[in-house]
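Here is the structure we will look at, set down as structure tokens.
Derivation of every value follows stated rules applied to the coordinates shown; laboratory data play no part. Because the structure is predicted, anything quoted here is derived from the model rather than measured. With ideal geometry, Cβ positions are generated from the backbone for all residues, glycine too; neighbour counts draw on all protein chains shown.
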Amino acid sequence: MTKSKTLKREELYDLVWSFPMTKLAKRFGLSDQGLAKKCKKHNIPRPPMGYWAKLEHGKRVKKTPLPSNTDHVLEVIDFQLKM
């Protein structure tokens, strides 16, 4: 049985910058690479390597802003969740 989950582009952007990709991807039934592909398709920047380690150790980290999007089709992201 599958269930769908729909997020706006901004919502996924906020999640990607709030949780490591490996943990977040499991929520959607994807691998971290599968989620990375969704981000790339929808022009959502991801934290660079070492981001979470730096954050954990109190270092300053830079959050890449969400670029504007002119393609309204890419504003909504659908996930098929496996139940």
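Pick from 2, 6: which is surrounded by fewer than 12 Cβ atoms within 10 Å (Cβ to Cβ), in contact (Cβ under 8 Å) with a residue 40 or more places away in the chain, hydroxyl-bearing (Ser, Thr, Tyr) and closer than 20 Å to residue 73 by Cβ?
6
So, residue 28, is that one of a type outside the set (A, V, I, L, M) and in contact with a Phe, Trp or Tyr (Cβ under 6 Å, 6 or more places away or on another chain) or not?
yes
Select from region 24-68 the residues that are in a loop (DSSP other than H, G, I, E, B) and within 13 Å of residue 13 (Cα to Cα) and list them in ascending order.
Of everything in region 24-68, those that are in a loop (DSSP other than H, G, I, E, B) and within 13 Å of residue 13 (Cα to Cα) turn out to be 42, 43, 44, 45, 46, 47, 63, 64, 65, 66, 67, 68.
Answer yes if at least one residue in region 26-48 is within 14 Å of the chain's Cα centre (by Cα), of a type in the set (Val, Ile, Thr) and loosely packed, with under 15 Cβ neighbours inside 10 Å, and no otherwise.
Residues of region 26-48 within 14 Å of the chain's Cα centre (by Cα): 26-48.
This time we only want the ones that are of a type in the set (Val, Ile, Thr), so: 44.
Pick out the ones that are also loosely packed, with under 15 Cβ neighbours inside 10 Å and you get none.
Scanning region 26-48 turns up no residue that is within 14 Å of the chain's Cα centre (by Cα), of a type in the set (Val, Ile, Thr) and loosely packed, with under 15 Cβ neighbours inside 10 Å.
Could you list, in sequence order, all residues of region 13-23 that are in a helix (DSSP H, G or I) and either more than 16 Å from residue 81 (Cα to Cα) or of a type in the set (Ser, Thr, Tyr) (or both)? Please lay out each step first, then the result.
Initial filter on region 13-23 (in a helix (DSSP H, G or I)): 13-16, 21-23.
If the condition is that a residue be in a helix (DSSP H, G or I) and either more than 16 Å from residue 81 (Cα to Cα) or of a type in the set (Ser, Thr, Tyr) (or both), then 13, 14, 15, 16, 21, 22 are the ones that fit.
Mind listing whichever residues of region 54-83 are exposed (fewer than 11 other Cβ atoms within 10 Å of the Cβ), free of Cβ contacts under 8 Å to residues at least 40 places away in the same chain and among the charged types (D, E, K, R)?
Residues satisfying the conditions are 56, 59, 60, 62, 71.
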